[in-house]
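The values are calculated or read from the model by the stated rules, or taken from the named source; none is laboratory data. Quick caveat, the model's predicted, so the values are computed rather than measured. Using ideal geometry, Cβ is built from the backbone for each residue, glycine included, and neighbour counts are taken over all protein chains shown. Side chains included, ligands, DNA and RNA excluded: accessible areas come from the protein's heavy atoms. Shrake-Rupley method; radii C 1.70, N 1.55, O 1.52, S 1.80 Å.
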Amino acid sequence: MSPLNHQIRLAARPSGRAEASDWELTTEPVPSPGPGEFVVAVAYVSIDPAMRRWIAASPFYSAPVAIGAVMEAGAVGRVATSEHAGFAVGEYVYGGFGVQEFARSDGTGVTKLDASLAPLTAYLGALGIPGLTAYFGLLDVGRASAGETVVVSAAAGGVGSVAGQIAGIKGCRVIGIAGGPEKCRWLVDELGFDSAIDYKAQDVSRVLGELAPDGVEVFFDNVGGEILDAVLSHLARGARVVISGGLSQYDEDQRWGPSNYLELLRTRSSMTGFVTPDYADRYPEAVAELAGWLREGRLVSREQIIEGGVRAFPDALRMLFAGENLGKLILAVSDLT
């Protein structure tokens, strides 16, 4: 084990998009576990849109990351040393270990992983929080059913790509909204979406009207802003709008909501926000079904791995908000093979 633990800490609270100067690379000794604790050698860190919320001065539903604190992040790794009866050296685990090479834990919120079931990176993608978000958002909140038209924004991202595939598995007609021809081709050719709209080159409202002339029953929204406004104009009667995230709002100091929300009234529709931890007691159920679809080849889990260790975190986060990722964006921290 290396004697040093490299970490990324929040140096300043960003205004607008996070910059490299908002982060500090620090080094300290690798922690040792106390009684009832263990130390994890982190292998991969999840790069998520929610990270921008976590460092905002006014967070959505939790206290912000403190200035000088290790940046919060979900991560997978292997137990390196242990004084905990429930976690043995060599076991693979997932938890909120942060952007660092080693993390000490008492086991709270930590899940053991079956590395024979799927690659470790899948537990940050289709079998992790993105997959769980897609699963519960689409099926529980959106109540999508066979024959309905489902629209997914940020459809080429970690959450959206899984949500659209689940909709297809359930027999829905799926329209994805993504940025750029490469992403749109991937959605249709590889993930099985029925069609895709390139918001960078096409008028979303006009094209959606052509693709869904009878309206949209379920809108799984990860973006908000103008995209949300456009889709609200095409709701079917009794539609369900699922608010999973708001990528267009996270970098904004002044947030703004939909201008045509009265479409919900006209169409007798609902708009519901949710957070995935609300369904924590049902995670095993969802993971089992998602893993089954993966084994059967009905679900594709695509992860884009960024090399460079924790030092590459600021650039990885920039890539995410610039829309440069295809599938789930993950930062490789160490090689555990």
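Along the Cα-to-C-beta direction of L4, a point sits 7 Å from the Cα; which residues of segment 92-123 have their amide N less than 16 Å from that point? Those under the cut-off are 100-102.
Comparing F87, T27, S301 along the charge dipole axis of the chain, the residue lying farthest to the positive side is S301, per the Cβ-charge model.
With a ≥ b ≥ c the root eigenvalues of the C-alpha gyration tensor of segment 49-169, is it rounded (a/c under 1.5), prolate (a/b larger than b/c) or oblate? Because a/c hits 1.5 or more and a/b fails to exceed b/c, segment 49-169 counts as oblate. Ordered from largest to smallest accessible area (heavy atoms of protein chains, 1.4 Å probe), the residues I67, I47 come out as I67, I47.
Toward the positive end of the charge dipole of the chain, with +1 on the Cβ of Lys and Arg and -1 on the Cβ of Asp and Glu, the farthest Cα among M71, L247, S145 is that of S145.
For the chain, the longest principal axis of the alpha carbon atoms and the long axis of helix 158-169 meet at an angle near 50°.
Rolling a 1.4 Å probe across the protein heavy atoms gives the chain an accessible surface of 42 Å² per residue.
Looking only at the chain, where both bridge partners belong to it, what percent of the DSSP beta bridges are antiparallel (to the nearest 5)?
Beta bridges within the chain, antiparallel portion: roughly 55 percent.
Protection proxy ranking for 17-28, 191-202, 256-267, using the average of other Cβ atoms within 10 Å per residue and placing the highest first: 191-202, 17-28, 256-267. Using the Cβ-Cβ distance between L264 and K112 with R0 set to 41 Å, the FRET efficiency works out to roughly 0.45.
In terms of packing, defined here as the mean over residues of other Cβ atoms within 10 angstrom, the peptides 281-289, 144-152, 127-135, 179-187 line up highest first as 127-135, 144-152, 179-187, 281-289. Taking every alpha-carbon pair under 8 Å whose residues sit at least 6 apart, the chain reaches a relative contact order of 18 percent.
Peptide packing for 214-222, 107-115, 164-172 was compared via the average number of neighbouring C-beta atoms within 10 Å per residue; ordered from the highest value, the list is 214-222, 164-172, 107-115. About its Cα centre, what dipole magnitude does the chain give when the only charges are +1 on Lys and Arg Cβ and -1 on Asp and Glu Cβ, stated in debye to the nearest 20? Here the chain has a charge dipole of around 440 debye.
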